[in-house]
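A.B. asks: Shown below is the structure under consideration.
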Amino acid sequence: MSGTWIVAPCGSFFHQKYSRYHIGHIEERRFKDIWASDEYMEVINFLASEQFDARRQCATLCLQDKVNEALYDLVEQNTPLPDITGKPLPMHSNFI
């Protein structure tokens, strides 16, 4: 969500020239309703389609890049998770 209340799947899409990626406006609808909306599904389906090429259409230095790399390694490369048996939980383990 942007400082101007626009809800989009990524911060690089907040600008008006990317309005096709805007899912909603928090002043007009509750976040819960925006997230469950047809507009949300349309945008997400477009981003998952062959019409969208993240390598060309996403901003450089994406904040989610490291998360995407870790997920790719887990899912596509079958990288095992480290064994944390017996180790203390890190501080703020609920931080997203």
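The values are calculated or read from the model by the stated rules, or taken from the named source; none is laboratory data. All figures in this text were calculated on a predicted structure; none of them were measured in a lab. Here Cβ is always computed from backbone atoms with ideal geometry, including for glycine, and neighbour counts include all displayed protein chains. All accessible areas refer to the heavy atoms of the entire protein, side chains included, with ligands and DNA or RNA removed. Shrake-Rupley method; radii C 1.70, N 1.55, O 1.52, S 1.80 Å.
A.B. asks: Out of the range 1-34, which residues are farther than 18 Å from LEU63 by Cα, assigned to a loop (DSSP other than H, G, I, E, B) and in contact (Cβ under 8 Å) with a residue 24 or more places away in the chain?
C.D. replies: Passing the criteria: only ILE26.
A.B. asks: Being loosely packed, with under 14 Cβ neighbours inside 10 Å and of a type in the set (S, T, N, Q) is the filter; apply it to the range 20-54 and report the residue that is farthest from the chain's Cα centre (by Cα).
C.D. replies: GLN51
A.B. asks: Something else: Determine whether THR85 is touching an Asp or Glu at 6+ places or on another chain (Cβ under 7 Å), assigned to a loop (DSSP other than H, G, I, E, B) and either open to solvent by 100 Å² or more (accessible area, probe 1.4 Å) or over 17 Å from ALA8 (Cβ atoms) (or both).
C.D. replies: no
A.B. asks: While we're on this one: Name the single residue that is least open to solvent (accessible area, probe 1.4 Å) among those in the range 55-82 being free of Cβ contacts under 8 Å to residues at least 12 places away in the same chain, assigned to a loop (DSSP other than H, G, I, E, B) and not charged (D, E, K, R).
C.D. replies: Among residues in the range 55-82 that are free of Cβ contacts under 8 Å to residues at least 12 places away in the same chain, assigned to a loop (DSSP other than H, G, I, E, B) and not charged (D, E, K, R), the one least open to solvent (accessible area, probe 1.4 Å) is THR79.
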